[in-house]
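A.B. asks: Following this message is one structure expressed as structure tokens.
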Amino acid sequence: MSQIVPRDLDVDFAQVPRHWMARSPIATAITNGVNLLFPHGERFFVRSVNHFRDQIEDPALRTAIKGFFGQEGRHAHAHDEFNAILRTQGFEVDRFLGSYQRVSSWIEAHTSPALRLATTAAAEHFTAILAEGAFSQDVLDHAAPEMRALLAWHAAEEIEHKAVAFDVLQAIDPSYALRIAGLALATATLGGFWLWGAVTLLGQDLPAVRRELRGRRAGGRPGGLPARDPVIRRVFLRGIRQYLARDFHPRHNATETIAAAWMAARGMSLPGATTEAA
Ligand SMILES: [Fe+2]
Ligand SMILES: [Fe+2]
């Protein structure tokens, strides 16, 4: 098992422009839609795994869990800081965040610990595929530098810890039915909340969105983005198809070196590791 190393990201988001992804209001809103979900979602992942922490005896997996907690806690904190910038940019995000947290807390209160763990394992598979896409699709080249640093750091660590929740689930209850129930709930909640967040932000930026749509109809594409970035096909359909395989394991996707190669090609590197893990 590769080492899972928590690192502190030190980035000031104050100068991030309102349309930070390829100067596109639409691409920015779609990406901010999932950014809004991270703090509450990642703390849910930590709680779900932590419930079973004492039942894990494998020392390597126990160490990996500690690294996973350290990484997810820092991601949640960094995304909280960025989400605060959305408020200063004039977006009203608190109504959405309040509703999202109420609905997800209700789901958390009405599901078993095993299903919450299975949901976390599946959601981590989706985040690992998202992370892979951040590097393989070169979309981050079109992001404001602060956001490129945030999302490259986050994506690299998602790939590092992509198997932890899955391995905990296999150790606690390797039932295929439970794994697939978790996949169903993760797909519905991640897809539903992401769409809701993106639509909320698009609705608050309508004049800019309309301008972009008019430009696209005239044949323009914002900031060099690929013509289509099919998140539904690339993340959800591929993710579900892989996860349905009975012998699936997150490490079957050989993405371990993709972050380092991407960063090296751009003269970037990850922040140094912190000394305490959780
Ligand atoms: Fe994360
Ligand atoms: Fe994660």
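The values are calculated or read from the model by the stated rules, or taken from the named source; none is laboratory data. Treat the numbers as computed from the prediction; the structure is a model and nothing was measured. For neighbour counting, all protein chains shown are included, and Cβ atoms are generated from backbone atoms with ideal geometry for every residue, glycine included. In case anyone asks, the SASA skips ligands and DNA or RNA and just uses the protein heavy atoms, side chains included. Shrake-Rupley method; radii C 1.70, N 1.55, O 1.52, S 1.80 Å.
A.B. asks: Roughly how many percent of the accessible protein surface of the chain is carbon and sulfur, given a 1.4 Å probe and a whole-percent answer?
C.D. replies: Ligands and nucleic acids excluded, carbon and sulfur give 56 percent.
A.B. asks: Using the Cα gyration tensor of region 54-113, with a ≥ b ≥ c the square roots of its eigenvalues, what is the shape: rounded (a/c below 1.5), prolate (a/b larger than b/c) or oblate (neither)?
C.D. replies: It comes out oblate by the Cα gyration axes.
A.B. asks: Kindly identify region 1-40 as rounded, prolate or oblate by the Cα gyration tensor criterion: order the square roots of the eigenvalues as a ≥ b ≥ c, call it rounded if a/c is under 1.5, otherwise compare a/b with b/c, prolate if a/b is larger, else oblate.
C.D. replies: Details: a/c = 2.50, a/b = 1.78, b/c = 1.40.
Prolate is the answer for region 1-40, as a/c is 1.5 or above and a/b outweighs b/c.
A.B. asks: To the nearest 0.05, how large is the calculated FRET efficiency for R251 and E92 if R₀ is 41 Å and r is the Cβ-Cβ distance?
C.D. replies: Taking R0 as 41 Å, the efficiency between R251 and E92 is 0.50.
A.B. asks: Ratio of Rg to Rh for region 1-140, alpha carbon only, Kirkwood? Walk me through the numbers before you get to the answer.
C.D. replies: Working: Rg = 16.5 Å, Rh = 16.7 Å.
That ratio is 0.99, to two decimals.
A.B. asks: Could you rank I180, I232, I65 by how accessible they are, 1.4 Å probe, largest area first?
C.D. replies: Heavy-atom accessible area, descending, gives I232, I180, I65.
A.B. asks: Charges only on Cβ, +1 for Lys and Arg, -1 for Asp and Glu: so what's the dipole of the chain about the Cα centre, in debye to the nearest 20?
C.D. replies: 1220
A.B. asks: With a 1.4 Å probe and every protein chain left in place, work out the accessible area per residue of the chain in Å², rounded to a whole number. It would help to have the intermediate numbers written out before the result.
C.D. replies: On the way: 12780 Å² over 278 residues.
In whole numbers, the chain has 46 Å² accessible per residue.
A.B. asks: Also, I was wondering about something else. Compactness ratio of the chain: Cα Rg over 2.2 N^0.38 Å, N = residue count?
C.D. replies: 0.98
A.B. asks: Please say if region 132-182 is rounded, prolate or oblate, where rounded means a/c under 1.5 for a ≥ b ≥ c the square roots of the C-alpha gyration tensor eigenvalues, and otherwise the choice is prolate for a/b larger than b/c and oblate otherwise?
C.D. replies: prolate
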